[in-house]
Amino acid sequence: MASYEDIAGMIDHSLLKPNLTAREIEEGCRIAQEYRVAAVCVRPSDVRRAAEILRDSPVRVTTVIGFPHGTTTTAAKVCEAEEAIRNGAVELDVVLNIGKLRSKDHDYVKADLEAVTALAHTRNVIVKVIFENGYLDDEEKIAACRISNDVGVDFVKTATGFGPGGAEDHDLKLMREHTNPSIKLKAAGGIRTLERAIEVRKLGCSRIGATATIAILSPLKGERGAA
């Protein structure tokens, strides 16, 4: 059975809904801190405030780049990444260009991701590439894995949570099979219970994106160490 620390250490607490208020962002950061999760994933405009709240916390600040469609230009993604890092983000969840991937313009997709990854890695910032699998067939998912291998990203991730589908077992197995062992796997989309978190962990996931952090961790709360 996974411990509290095992599961909490997987969670990127997601605060990405467009209608969240400043007060809700601040409360979400405090939940992430209280529950000792791995990271809080906030909208780009919220990075500075999240970094302020979590300055003395081990919880990492993450934001999204090219979100949610991946279709902004490479220059715009790099600019977003630069600002996010400057404001305190230490991880970036980057949406690949879905349309270019489906058009088989793999050189474009690779160069797009390389530009952001190269910048991030010079600052010791982690890059997670979001595939948005609900729009892709298996051949396209495998192509995205191979591009991610070539670029040398840190994680591959199933979905934004704003497109069709989410963290499907078939996709997680396929992504684990076709990415280098050094690349970690993040499941996002539809993970709302402890049972599901444990299932995706068994499939090789190191992180999960979740809004249901409290519901996931509450069954294990009695196992927590002292806060």
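The values are calculated or read from the model by the stated rules, or taken from the named source; none is laboratory data. Quick caveat, the model's predicted, so the values are computed rather than measured. Quick reminder, even Gly has a Cβ in these numbers, built from the backbone with ideal geometry, and neighbours come from all protein chains shown. When the accessible area is computed, the model is the full protein with side chains, heavy atoms only, and any ligands, DNA or RNA have been set aside. Shrake-Rupley method; radii C 1.70, N 1.55, O 1.52, S 1.80 Å.
Quick notes on this structure:
- Residues in the range 149-168 that are of a type in the set (D, E, K, R), open to solvent by 30 Å² or more (accessible area, probe 1.4 Å) and closer than 19 Å to Asp12 by Cα: Asp154, Glu168.
- Residue list for the range 9-55, restricted to those being farther than 17 Å from Glu91 by Cα and of a type in the set (A, V, I, L, M): Leu20, Ala22, Ile25, Ile31
- Tallying residues that are in a helix (DSSP H, G or I) and either of a type in the set (A, V, I, L, M) or surrounded by 20 or more Cβ atoms within 10 Å (Cβ to Cβ) (or both) within the range 117-135 yields 5.
- Residues that are under 17 Å from Ala38 (Cβ atoms) and part of a helix (DSSP H, G or I), drawn from the range 197-214: Ala197, Ile198, Val200, Arg201, Thr213, Ile214
- Residue in the range 100-116 that is within 19 Å of Gly189 (Cα to Cα) and surrounded by 18 or more Cβ atoms within 10 Å (Cβ to Cβ) present: no
- Single residue of Lys141, Lys77 found to be within 25 Å of Lys17 (Cα to Cα), open to solvent by less than 20 Å² (accessible area, probe 1.4 Å) and of a type in the set (Lys, Arg): Lys77
- Test: residue in the range 174-181 that is open to solvent by 50 Å² or more (accessible area, probe 1.4 Å), within 14 Å of the chain's Cα centre (by Cα) and not hydroxyl-bearing (Ser, Thr, Tyr): no
- Candidate set: the range 5-26, residues that are buried (at least 18 other Cβ atoms within 10 Å of the Cβ) and over 17 Å from Lys128 (Cα atoms); chosen: the one farthest from the chain's Cα centre (by Cα): Ile25
- Flag: Thr211 matches the condition of being at pLDDT 95 or above, open to solvent by 10 Å² or more (accessible area, probe 1.4 Å) and touching a His at 6+ places or on another chain (Cβ under 8 Å).
- Screening Arg192 against (1) buried (at least 16 other Cβ atoms within 10 Å of the Cβ); (2) touching a strand residue (DSSP E or B) at 6+ places or on another chain (Cβ under 9 Å); (3) modelled with pLDDT of 95 or more leaves a single unmet condition, (1).
- Cβ-Cβ contacts under 8 Å between residues 6 or more apart (or on different chains), taken from a first residue in the range 88-107 that is of a type in the set (Asp, Glu) to a second residue that is open to solvent by 30 Å² or more (accessible area, probe 1.4 Å), are listed as Glu91/Arg60; Glu91/Ile126; Asp93/Phe67.
- Filtering Ile11, Ile85, Ile7 for residues that are modelled with pLDDT of 95 or more and farther than 26 Å from Ile147 by Cα leaves a single hit, Ile7.
- Thr63 being of a type in the set (Ser, Thr, Tyr), surrounded by 20 or more Cβ atoms within 10 Å (Cβ to Cβ) and within 23 Å of Ala212 (Cβ to Cβ): yes
- The range 172-186 - residue that is part of a helix (DSSP H, G or I) and in contact with a strand residue (DSSP E or B) (Cβ under 7 Å, 6 or more places away or on another chain) and, of those, nearest to Ala143 (Cα to Cα): Met175
- Residue check, Cys29 open to solvent by less than 10 Å² (accessible area, probe 1.4 Å) and modelled with pLDDT of 95 or more: yes
- A single member of Ile85, Ile65, Ile53 is more than 28 Å from Asn133 (Cα to Cα) and either of a type in the set (S, T, N, Q) or touching a helix residue (DSSP H, G or I) at 6+ places or on another chain (Cβ under 9 Å) (or both), and it is Ile53.
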